[in-house]
Amino acid sequence: MLVAGRPFRSIWPAEDGRSVEIIDQTRLPFELVITRLQTLEDVAHAIRDMQVRGAPLIGVAAAYGLWLGLRERADERHLARIAETLIACRPTAVNLRWAVERVRARLEVLPSSEWLEAAFTEACRLADEDVATNAAIGRHGLALIEDLYRQKGAPLNILTHCNAGWLATVDWGTALAPIYAAFRAAIPLHVWVDETRPRNQGASLTAWELAQEGVPHHLVADNAGGHLMQHGQVDLCLVGSDRTTAEGDVCNKIGTYLKALAAKDNNVPFYAALPGSTVDWNLRDGIAEIPIEERGEREVLRIRGQAGDGRVVAVRIAPEETPACNPAFDVTPARLVSGLITERGICAASREGLRGLYPENAK
Ligand code: MRU
């Protein structure tokens with residue numbers, strides 16, 4: 001997608017042939033900083049500190065991390081250690097494990113002398129596949145948006161939570177891919193962007209992406225969604241997912257569940273957009289079984305922003321003695337989800353719906 005009119009991906013192999021480059025998402029929206037990752041530890045740090053984030057992107061970053069780790073040594077024990085390190089970086093998004101296991105499976109059939117080249121090729125393949133997958137999600141979601149627009153006959157208001165745009169993937173995004181496709185198809189639309197406390201991915205990333213592409217949007221406080229829905233100002237909620245169970249429960253950024261409840265109460269369609277790699281086919285009950293990442297209290301107790309003199313600063317917003325709790329994701333039960341938009345089409349958020357699109361994974 002575009003940054004200052006120039007096409008970008010969120011991650012790419014560097015020209016030196018020995019490293020990868022990323023857009024450092026902790027610096028947006030105030031600065032566009034490109035950071036070079038040269039080692040396994042650089043990649044692990046980038047994932048943990050959320051310089052790269054979003055389920056599909058951390059999967060691809062981990063695949064490159066595996067390649068960089070193999071540059072140190074290519075043997076079984078080291079490969080196992082690399083995989084363990086990467087998978088442990090963030091516990092909720094299943095794409096991380098999926099991508100690492102996919103590269104490992106590719107290596108297992110080869111002699112270790114060929115691992116380095118094969119890991120790089122597979123990481124690049126994963127990155128390209130992610131772009132194609134998200135473009136397909138965009139096409140399927142476009143059909144849904146076209147339908148809603150035909151029914152309404154007036155500009156559509158779409159509410160999104162967190163950042164499930166191109167920055168959360170290699171390109172296009174998941175929840176934002178249908179929005180970009182609809183915008184390019186000249187369907188009149190406007191996006192409500194939840195700020196998404198505590199890290200404000202909506203304010204700093206989604207708003208930035210939409211502004212770069214020229215998509216009309218307003219930032220709203222996380223608490224505004226229910227009110228907007230009660231007053232007929234939301235035609236569709238569209239979110240991403242970090243892990244979806246085989247029964248269609250959707251785990252996504254903390255606060256998603258509250259939006260789904262409000263959507264249900266106000267008859268607003270609530271869709272999650274996700275690639276097949278986000279489905280955890282082993283899980284049935286998202287609330288009981290999905291590990292929810294607990295992040296540090298600083299993210300809740302402090303807020304980052306730009307001061308009047310241009311400096312980016314973090315300020316404390318609660319009393320010194322107040323501790324904070326910071327669960328990073330929540331689970332929206334399938335019964336609150338109108339449908340899942342995938343690269344293979346749209347299905348019901350249910351075992352039958354997912355089985356129809358992914359028969360090879362059905363148990
Ligand atoms: O903690 P983050 O910023 O990695 O969480 C990201 C999200 O919750 C996204 O909605 C999700 O990864 C969907 S991916 C396109």
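Structure data summary
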| read-out | value |
| --- | --- |
| For GLU293, residues with placed amide H under 5 Å, excluding near neighbours | THR92, ALA328, PHE329 |
| The stretch 140-361, accessible surface, carbon-and-sulfur percent (1.4 angstrom probe) | 51 percent |
| Helix-only mean residue ellipticity at 222 nm for the chain, each DSSP H run of n ≥ 4 adding -39500 (n - 2.57), per residue, nearest 500 | -11500 deg cm²/dmol |
| 10 Å Cβ shell holding at most 11 others, DSSP loop, GluC sites (Glu not before Pro): longest site-free stretch of the chain | 32-319 |
| Rounded if a/c under 1.5, otherwise prolate or oblate - the stretch 140-361, Cα gyration tensor axes | oblate |
| Loop trypsin sites (Lys or Arg not before Pro), the stretch 9-93 (other Cβ atoms within 10 Å of the site Cβ: 14 or fewer; DSSP) | ARG18, ARG73 |
| Rounded to whole Hz, the Karplus (6.51, -1.76, 1.60) HN-Hα couplings of the stretch 225-241, x for glycine and proline | x, x, 4, 4, 5, 4, 9, x, 9, 10, 9, 7, 9, 9, 10, x, 7 |
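The values are calculated or read from the model by the stated rules, or taken from the named source; none is laboratory data. In this text the structure is predicted, and so the values were computed from the model without any measurement. Don't worry about glycine lacking a Cβ; one is built from the backbone with ideal geometry, like all the others, and counts go over all protein chains shown. Quick note on the areas: whole protein, heavy atoms, side chains included, nothing else; ligands and nucleic acids left out. Shrake-Rupley method; radii C 1.70, N 1.55, O 1.52, S 1.80 Å.
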